[in-house]
Amino acid sequence: MATHMAEPAAGGVETTVDHLTVEDRVWLLRAMLLMRGLEERAMSLYRQGRVPGSFYDGYGQEAVSAGAAFAMGPEDRLCILHRDLAAHLIRGVTPTRILSQYMGRAAGITRGRDGNVHFGDRKLGCVGMVSMLPDMMLVATGMAMAFKLRGEKRCAMTWFGDGSTSRGDFHEAMNWAGVQKLPVIFVLENNQYAYSTPVDKQFAVDPVERAAAYGFVGVTVDGNDAEAMFEAARAARERALAGEGPTLIEAVTMRMHGHAAHDDMKYVPKEQVEEWRKRDPIERQEKRLRELGIDIDGLRASIKAEIDAAAEEALAGPMPDPATAVDGVFCEGEAEPLGDGQAPWSGFASDGGAV
Amino acid sequence: MPTLTYLQAISSALRDELRADSRVLLMGEDIGVFGGAFKVTDGFVDEFGTDRVMDTPLAESGIIGTAIGAAVVGMRPVCEMQFSDFISCGFDQLVNVAGKMHYRQGLAVPLVVRLPSGGGFSGGPFHSQNPEAWFMHSPGIKVVAPSTAEDAKGLLHAAIHDPNPVCYMEHKHLYRRVKDDVPSGVYETPFTARVAQPGSDLVVIAYGAMVPVALEAVSDGLDGASVEVLDLRSLVPLDEEAILDSVERCSKVVIVDEANATCAAGAQVAALIAEKGFESLDGPVVRVATPDVPIPFSPPLEQAVLPGVDRVREACRELLAY
């Protein structure tokens, strides 16, 4: 049942743009540029000692989260992984709150209770990840189960890595979603390494083949092509809302940085990194848009200004009050529900989110 | 007021909740068509259908994890672990995802996990455990353990209405042995302790299946001593006020756990008394618990480790003489 939509290939692969306006295509680039710029700024803040703990980024993988999240409607629900900052940006999390989050400030999404990319803004329909990967596959599956039970036309999406495919929760979620034919989209971010462990020590078959084993569609996508990612996610969402069950999208990409800031990636052959550098997702999208006459330099300048302003604001914000460290373990009183997220894709503007 | 068994009281609470609230959803292995390993949900599919009384794949992490997902989008899932022992397979989802959710993200997880627990019937090492202390040690999870049919129903209603994850410890040994008057309809039993029997010379603090053991142990053979039995009912939150109040009035304390002794609920109660009730004590805090061994299968071995009436009575007798 696995189909191959686009073989990973070096730069310049054109994909269908039937569902994307020029504005949409700029949005995708903008989300990726903002992600990269914010992570670069956060890394510099980390080196200055302003980001406690460690620092993780998604350099080179920006297309995976940007493209997939762009296909999600306001009422869809997302469980986003740690190299997928663009998904948060698309849902509407502001750069100031993201930088505040990295720095453990009171204005961060978790108000200093959790670090780095361990967050999800519940007001924007996101549930933050935990470190035990891929636990959120089951949570997303459960959300999709509720949508199906209530007859709602929405879906859930979750991201996880190649290492995650070895754990039981991967199989439990895939099996459960397949048995119950749930509207859930699994985005497998195959970035070649789980920490230092290469994929040939992780699985004996291409993990996309496993979708068929659980009774649903699996597609392999060039994970460095935001438009291809969008198209795969859009089609998966269409299937989900039509009652045709889950989709596994294997996004083939490369982790261009170490596992975290401390990791010099000595275990990765230099040629491998150089080969993938030619497939940079941002360069690819910029090339497309430049051909359409989009002012890329202007866009970059406006994003840099936005990040400068966000950093200034985040640095001015207070640290959390130590007196609140034990607050909020339990919900007391009325529970606040998940809210809806931003959904900038033009396809939602015309029909209110329906496919 | 109808007389129900402990098991019927649990069924009654679930049935009332399913009728009253369309958000309530039961999930578990063999709970639907078969009606559950202990028949708690016997006949439920006929009234509520297979969507709301869901036979799940055999996957405890899957049950807890998907229930968390359903809970955060507005459902009120009640999960059954076929035996509480199997929660080890769902531990990560419960402790790391559900337990930490509200603190990290301000997102409530209204989830109940029913945990048929306890030994006494040759269930062996994998069908007899009392894992409540694992979850007492994990922030963000409430833990309750009824000992009567009335509380079994009332605590389950309260657990389902609670916006937090709740481990509901239902003791298998009590299912058909305990029978009492149970109010009709929906009512909530608070997550506080209850004086099961008032007294003034010594208090036995217990919960779950150890409450009837304590009541029987102190019913005779103690030379007319006035012995109180305090039923904790809730382990998280722990009713510190009620515990310290009993200690102050009785001055001597025996704490009974069916769980393995180290770091058990009773150890926490003992620590609390040492910290905040020391001045009231007229003797050492005495604990009766299962030694730190897997629960053995063969009846003489199992009876040798589980606290019984004789061990509790002997502990009381010795402490009264102190």
* Note down the relative contact order for chain A as a percent, whole number, built from C-alpha pairs under 8 angstrom at least six residues apart. => 28 percent
* To do: List the aspartates and glutamates whose Cα lies under 13 Å from the Cα of A:LYS148, skipping any in the same chain that are fewer than 8 positions away.
  => A:ASP76, A:GLU244, B:ASP51
* Asked: Residues in region A:210-244 near a label at B:ASP51, defined as backbone nitrogen under 19 Å from the 7 Å Cα→Cβ point?
  -> A:240-244
* To do: In debye, nearest 20, what is the charge dipole magnitude of region B:3-181 about its Cα centre with +1 on Lys and Arg Cβ and -1 on Asp and Glu Cβ, if you could check?
  => 300 debye
* Asked: If each residue's Cβ is checked for other Cβ atoms within 10 Å, how do B:CYS250, B:CYS79 rank with the fewest at the top?
  -> B:CYS250, B:CYS79
* Structure fact -> Filtered hits (aspartates and glutamates, Cα-Cα < 16 Å from A:LYS201, offset >= 8 within chain) -> A:ASP162
* Structure fact -> Computed for the protein assembly as shown: size of charge dipole around the Cα centre, +1 on C-beta of each Lys and Arg, -1 on C-beta of each Asp and Glu, debye to nearest 20, value 820 debye
* Asked: Percent relative contact order of region B:3-181, based on C-alpha pairs within less than 8 angstrom and at least six residues apart?
  -> 27 percent
* Separation of alpha-carbon centers, region B:1-64 and region B:87-163, rounded to whole Å -> 16 Å
* Sequence neighbours fewer than 8 away in the same chain don't count; with that in mind, list the lysines whose C-alpha is under 29 Å from B:LYS179. => B:LYS39, B:LYS142, B:LYS153
* **Fewest-first ranking of A:THR197, B:THR148, using other Cβ atoms within 10 Å as the exposure measure** => A:THR197, B:THR148
* What is the order of A:TYR59, B:TYR175, A:TYR102, fewest Cβ neighbours within 10 Å to most? -> A:TYR59, B:TYR175, A:TYR102
* **Dimensionless Rg/Rh of chain B - Kirkwood Rh, Rg from C-alpha atoms** => 0.97
* Asked: Given a Förster distance of 45 angstrom, what is the FRET efficiency for B:ASP30 paired with B:GLU241, based on the Cβ-Cβ distance and rounded to 0.05?
  -> 0.65
* Distance from region A:60-121 to region A:233-293 (C-alpha centre basis), Å -> 17 Å
* Structure fact -> Checking B:VAL45, B:VAL269, B:VAL53 against a Gaussian network model of chain B (alpha-carbon springs below 10 Å), the top fluctuating residue turns out to be B:VAL45
* Over region B:194-320, what is the relative contact order in whole percent, taking alpha-carbon pairs under 8 Å and six or more residues apart? -> 30 percent
* Asked: Assuming a viscosity of 1.306 mPa s and a temperature of 10 °C, what translational diffusion coefficient in µm² per second does Stokes-Einstein assign to region B:104-225, Rh being the Kirkwood radius over Cα pairs?
  -> 99 µm²/s
* Can you tell which of A:GLY128, A:GLY168, A:GLY328 shows the greatest fluctuation in a Gaussian network model of chain A with Cα springs below 10 Å? -> A:GLY328
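Since every read-out is calculated from the coordinates, none of them should be taken as a lab result. Keep in mind that this is a model prediction, so the values were computed, not measured. Cβ atoms come from the backbone with ideal geometry, glycine included; neighbour counts cover every protein chain shown.
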